[in-house]
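Undergrad: Quick one: the structure is below, and I'll ask about it shortly.
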Amino acid sequence: MAKAVGVGGVFLKAGDPKTLSAWYETHLGIGRVHDQALSFDGPESTGTTVFAHFPGDSSYFGEGPQQAMLNFRVDDLDGLMAKLAAAGVRIDPRREDYAYGRFAWIWDPEGNRVELWQPAVS
């Protein structure tokens, strides 16, 4: 059957694409392919890739008119959050824990709310 089999990329508009790409490389460890493109080593071996729709009035993406939110699988949520706090990254103090993993949220320098997910160990 011909069908989509996963996410091939996420593309966002940015006021300063080079600077925003450098921020994601520095703070989340996503490798740079060229000036404005980042790439994971892949393939991902833990967790699933989720494609979900939220109601138009959802506040899950944070305040403001944000229409999309990135969710990154991470290997050590507590360690990464400590690193981000030390770097002065804006962090939502809320955390959520579920049977399928732990979640935290940050904002990038252009005000985009970003979700971080450490999948539960099976």
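The values are calculated or read from the model by the stated rules, or taken from the named source; none is laboratory data. Here the structure is a predicted model, which is why all the values come from computation and not from measurement. Cβ atoms come from the backbone with ideal geometry, glycine included; neighbour counts cover every protein chain shown. These accessible areas exclude ligands, DNA and RNA; they are computed on the full protein's heavy atoms, side chains included. Shrake-Rupley method; radii C 1.70, N 1.55, O 1.52, S 1.80 Å.
Undergrad: Name the pairs whose Cβ atoms lie under 8 Å apart, with the first residue in region 73-99 and within 19 Å of Arg113 (Cβ to Cβ), the second among the basic types (Lys, Arg), and 6 or more positions between them or separate chains?
TA: Leu77/Arg102; Asp92/Arg113; Arg95/Arg102; Glu96/Arg102
Undergrad: Follow-up question, since we're still on this one. Out of (1) part of a loop (DSSP other than H, G, I, E, B); (2) among the charged types (D, E, K, R); (3) open to solvent by less than 80 Å² (accessible area, probe 1.4 Å), the odd one out for Arg102 is which?
TA: Answer for Arg102: the failing condition is (1).
Undergrad: Also, quick follow-up: Report, by residue number, each residue of region 63-113 that is over 19 Å from Leu38 (Cα atoms) and acidic (Asp, Glu).
TA: Across region 63-113, the qualifying residues are Glu63, Asp76, Asp78, Asp92, Glu96, Asp97.
Undergrad: Could I ask something else about it? So, in region 58-99, how many residues would count as being open to solvent by 90 Å² or more (accessible area, probe 1.4 Å), in a loop (DSSP other than H, G, I, E, B) and within 18 Å of Ile30 (Cα to Cα)?
TA: 1
Undergrad: Continuing with this model, one more query. All but one of (1) surrounded by 10 or more Cβ atoms within 10 Å (Cβ to Cβ); (2) assigned to a loop (DSSP other than H, G, I, E, B); (3) out of contact with any helix residue (DSSP H, G or I) (no Cβ under 8 Å at 6 or more places or on another chain); (4) of a type outside the set (Lys, Arg) hold for Ala52, so report the exception by its number.
TA: Going through the list (1) surrounded by 10 or more Cβ atoms within 10 Å (Cβ to Cβ); (2) assigned to a loop (DSSP other than H, G, I, E, B); (3) out of contact with any helix residue (DSSP H, G or I) (no Cβ under 8 Å at 6 or more places or on another chain); (4) of a type outside the set (Lys, Arg), Ala52 breaks only (1).
Undergrad: Restricting to region 105-122, what's the tally of residues that are in a strand (DSSP E or B) and open to solvent by less than 30 Å² (accessible area, probe 1.4 Å)?
TA: Pass one, region 105-122, residues in a strand (DSSP E or B): 105-107, 113-119.
Applying the additional criterion that residues be open to solvent by less than 30 Å² (accessible area, probe 1.4 Å) yields 105-107, 113-117, 119.
Summing the residues that are in a strand (DSSP E or B) and open to solvent by less than 30 Å² (accessible area, probe 1.4 Å) in region 105-122 gives 9.
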